[in-house]
Amino acid sequence: MIRSLYNILLFVFVSCCTRDAFGGEQPNIVFVMTDDHASAAVSAYHSKINQTPRLDQLAEQGTLFENAFCTNGICAPSRAVFLTGTHSHINGVEDNGDVFDGSQATFPSLLQQAGYQTALFGKWHLKTDPTGFDHWEVLPGQGHYYSPEFVTKEGKHVVRGYCTDVTTDKALNWLTEQRDQSRPFLLMVQHKAPHRSWMPGTDHLMLYEDVQIPEPETLFDDYSTRSDAARNQEMSIANDMWMSYDLKVPPTDPEASLDGPDRWANGLLERMTPKERVQWEAAFNPRNDEFIKKNLHGKDLVRWKYQRYIKNYLRCIASVDDNVGRLLDSIDAAGLSDNTVVVYVSDQGFYLGEHGWYDKRFMYEPSLRLPMIIRWPGQAVAGQRRQELVQNLDMAQTLLDAAGVASPSRMQGRSLTPLLRGEAPEDWRSSIYYEYSEKGIHNVEPHYGVRTDQYKLIYFPELDAWELYDLHKDPNEVHNRANDEAYAAIQKNLREELQRLRVHYQVPAVKTLVE
Ligand code: SGN
Ligand code: CA
């Protein structure tokens with residue numbers, strides 16, 4: 001009697017551990033994250049400036065979230081949110097200087113405890129060694145585009161080649177050769193690209209050679225209706241890009257002493273093999289000669305900088321797209337497609353010249369938005385485009401749910417699985433909360449705010465300044481409506497909603513600056 005009860009309990013336990021939320025076998029999970037890839041540079045997200053055929057394929061086969069946002073538009077904080085399913089003030093990584101406490105619950109560690117084999121390759125950026133992984137090989141800090149160095153449990157090593165290719169090679173090798181084929185797996189592939197300093201691979205150096213990339217409507221924004229935050233930033237294409245480091249124009253006098261990040265430019269080129277260096281110079285030297293001859297000034301110079309910047313950024317993305325394709329092809333070839341969830345996200349968005357900027361941080365749309373595509377054959381509706389407001393905050397619970405693993409109550413997001421299945425939960429959130437608190441590089445004022453389907457309210461505590469945008473009438477966010485009588489009632493409601501969210505997400509009282 002006791003023996004058969006034991007057997008029944010054992011059966012129930014084993015079944016629970018090997019079946020996903022929908023009663024199928026636990027799916028494998030391949031999670032691809034890029035660094036600073038704006039949705040506006042994905043053709044499935046209506047890009048006006050590039051084509052990403054392999055990401056589009058993923059979207060056609062899976063579900064694309066049209067309104068996916070980050071909670072904190074900067075790298076390490078966003079990564080900590082993805083991993084823990086908690087806002088920055090809960091997980092402790094509020095800016096890029098904070099050190100991640102790897103003892104807290106993350107979706108990889110919970111999947112590992114549930115029997116998943118877990119592996120991580122590429123950018124990590126959380127300062128402490130990864131936890132919750134059976135195998136990891138990560139870039140130190142921001143990593144390098146050429147001859148990237150990897151840190152592992154055993155030490156460091158450099159691999160010749162281009163970082164996006166090398167990271168994918170490592171992931172594919174693990175997928176096809178190294179993993180234990182008898183267990184479900186989580187494979188995280190986290191690219192450096194397309195992060196600054198936007199160095200393309202040699203196979204894409206000539207892409208966009210003879211084309212003009214369309215300029216954003218707000219390239220020459222004058223910030224006239226805004227708080228001082230937009231004027232005080234140091235991330236403008238006009239004033240804050242370095243000729244060598246960012247724009248690939250070395251000084252004409254090789255003996256010239258260089259300032260700022262330009263001092264690192266040569267070191268980055270020296271990481272190339274002689275053959276790569278020859279290809280690089282064959283692409284850039286003639287373009288640079290022509291640029292110097294033109295002697296551009298004023299708006300013409302800004303326009304030239306935009307073209308140089310955006311082409312290199314998009315060339316980095318072309319390589320990401322190729323490598324996502326390699327990964328999808330290998331998943332197919334290994335016969336894994338039907339039982340593998342594939343996720344594509346970026347840690348946040350990026351300014352592709354909107355408001356005259358590069359970088360991220362501000363709560364305006366180009367960096368608040370991120371691409372989020374999830375393919376899960378048999379579960380996620382193929383070709384579906386969801387309009388709900390979703391966030392990086394939701395990913396941990398989504399993947400745990402997909403694996404049939406319970407989420408700890410500490411997590412603050414919501415599983416996206418009903419949306420993947422095509423359901424329309426009536427109580428889906430109608431607003432999101434955002435907070436950014438790093439004051440340093442690029443000089444962006446700390447701020448927090450709320451975004452609904454139609455409106456966005458932002459508060460800059462140190463300036464005691466408000467901004468309010470009507471996103472339906474003003475999608476470019478150039479008309480600040482804070483203090484506009486016509487929007488007074490809307491502003492009052494949004495302030496209340498902002499305060500409600502701060503209480504709901506347990507923002508510490510000391511930070512609660514809205515009465
Ligand atoms: C580096 C970049 C910045 C960038 C931060 C944060 N400078 O400091 O331009 O904003 O990273 O980026 S660089 O000269 O080192 O390229 S993040 O994605 O890691 O948050
Ligand atoms: Ca980033």
(message) Going through 93, 32, 12, 81 one at a time, which residue ends up being among the β-branched types (Val, Ile, Thr), within 27 Å of residue 337 (Cβ to Cβ) and either within 16 Å of ligand 2 (Cβ to nearest atom) or at pLDDT below 95 (or both)?
(response) 32
(request) Just give me the residues in the range 50-77 being within 16 Å of ligand 1 (Cβ to nearest atom) and part of a helix (DSSP H, G or I), in sequence order. (result) 75, 76, 77
(message) Filter the range 322-350 down to the residues that are away from ligand 1 (no atom under 11 Å from the Cβ) and hydroxyl-bearing (Ser, Thr, Tyr) and list them by number.
(response) 330, 337, 340, 344
(message) Looking at the structure I just gave you, is residue 327 touching a residue at least 60 places away in the same chain (Cβ under 8 Å), surrounded by fewer than 24 Cβ atoms within 10 Å (Cβ to Cβ) and in contact with a helix residue (DSSP H, G or I) (Cβ under 7 Å, 6 or more places away or on another chain)?
(response) yes
(message) What pairs come out if I take residues in the range 430-451 that are free of Cβ contacts under 8 Å to residues at least 60 places away in the same chain and pair them with residues that are among the hydroxyl-bearing types (Ser, Thr, Tyr) and surrounded by fewer than 21 Cβ atoms within 10 Å (Cβ to Cβ) whose C-beta lies under 7 Å away, six or more apart or interchain?
(response) 430/452; 446/437; 450/431
(request) Looking for whichever is assigned to a helix (DSSP H, G or I) and of a type in the set (Gly, Ala, Ser) here; the options are 40, 105. Which one fits? (result) 40
(message) With modelled with pLDDT of 95 or more and in contact with a Pro (Cβ under 8 Å, 6 or more places away or on another chain) as the only criterion, which of 475, 461 stands out?
(response) 461
(request) Scan the range 149-167 and give yes if some residue there is in contact with a strand residue (DSSP E or B) (Cβ under 8 Å, 6 or more places away or on another chain) and within 20 Å of residue 342 (Cβ to Cβ), otherwise no. (result) yes
(request) Could you pull out the residue among 317, 310 that is in a helix (DSSP H, G or I), within 16 Å of ligand 2 (Cβ to nearest atom) and of a type outside the set (Asp, Glu)? (result) 317
(message) Residue under question is residue 429, and the condition is that it be within 28 Å of residue 76 (Cα to Cα) and surrounded by 13 or more Cβ atoms within 10 Å (Cβ to Cβ); does it hold?
(response) yes
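The values are calculated or read from the model by the stated rules, or taken from the named source; none is laboratory data. Just so you know, these numbers come straight off a predicted model, no measurement behind them. Because the Cβ atoms are built from the backbone with ideal geometry, glycine has one as well, and the counts that use them run over all protein chains shown.
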